[in-house]
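First comes the structure, then the notes that go with it.
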Amino acid sequence: MSGEHEEVATYDASGRVVGSAPRGRMRAEGLWHAAGEVLLLSPGRTEVYVHRRTETKDIYPGMHDCWAGGVVAAGEDPAATAVRELAEELGVTGVRPRFLFHTVHELGSVRFHAYLYEVLWGGPVVHQPEEVAEGWWMPVEELRERLSDPSWPLVPDGRQFAQEWFAGRAETR
């Protein structure tokens with residue numbers, strides 16, 4: 001569900017839904033929007049699923065990501081977006097993501113409210129070929145190490161969210 005004419009929810013800077021706009025307009029004008037993102041973890045929380053985006057993605061093509069997610073559609077809430085995107089991108093269904101935190105990502109004209117969730121998963125992962133070129137399970141500690149390497153091609157928002165996730169994990173230990 002990523003067509004240029006798809007209606008997406010638009011937000012204000014404080015995180016309130018203020019209307020909707022076609023996805024193409026939201027991208028072209030840098031409108032505030034929201035995303036539901038899911039971190040897929042192994043049942044023992046020792047591995048995270050990382051994937052490489054296809055070269056045809058409208059933003060950050062060919063880069064790695066450790067979050068499955070997407071833009072909140074008009075009339076949709078972020079939790080529903082997270083469930084939908086996890087099913088679409090990685091074929092993971094029948095799960096109830098656990099809310100982690102809300103944050104803001106702002107880099108140039110890309111600015112959105114991110115609602116982050118996690119799912120523990122030990123079943124199969126089935127990539128959506130239009131969005132995911134390849135994927136693999138990575139030890140959580142390896143992800144932590146790679147975050148410190150600015151040359152590792154992780155999408156900027158995914159890097160930010162993972163760093164915030166690790167900071168939160170350290171606070172709860």
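The values are calculated or read from the model by the stated rules, or taken from the named source; none is laboratory data. Computed from a prediction, not measured in an experiment: that's the story for all the values here. All Cβ positions, glycine included, derive from the backbone under ideal geometry; neighbour counts span all protein chains shown. For the accessible areas, the whole protein counts, side chains as well, though only heavy atoms, and no ligand, DNA or RNA atoms are used. Shrake-Rupley method; radii C 1.70, N 1.55, O 1.52, S 1.80 Å.
Distance between the pseudo-spin-label points of Arg98 and Ala79 (7 Å out from Cα toward the beta carbon): 1.5 nm.
From the gyration tensor of the Cα coordinates in segment 29-173, what semi-axes in whole Å does the equivalent ellipsoid have, largest first, with each one equal to sqrt(5λ)? Ellipsoid semi-axes (Å, largest first): 20, 18, 17.
Surface calculation, 1.4 Å probe, protein heavy atoms: Ser151 sits at approximately 90 Å² accessible.
When the helices of the chain are scored as -39500 (n - 2.57) per DSSP H run of n ≥ 4 and the total is divided over every residue, the value at 222 nm lands at -8000 deg cm²/dmol. Computed with the Debye formula from one identical point scatterer per Cα of segment 1-59, without solvent, the log10 of I(q)/I(0) at q = 0.12, 0.19 Å⁻¹ comes to -0.44, -0.81. Accessible surface of Leu147, taken over heavy atoms with a 1.4 Å probe and every protein chain present, rounds to 20 Å².
Restricting attention to the chain, close to 75% of DSSP beta bridges with both partner residues there are antiparallel.
Each residue of segment 144-152 in order: what ³J(HN,Hα) in whole Hz does its phi give by Karplus 6.51 cos²θ - 1.76 cosθ + 1.60, θ = phi - 60°, with x for Gly and Pro? Each residue of segment 144-152 in turn: 4, 5, 5, 4, 7, 9, x, 7, 6 Hz.
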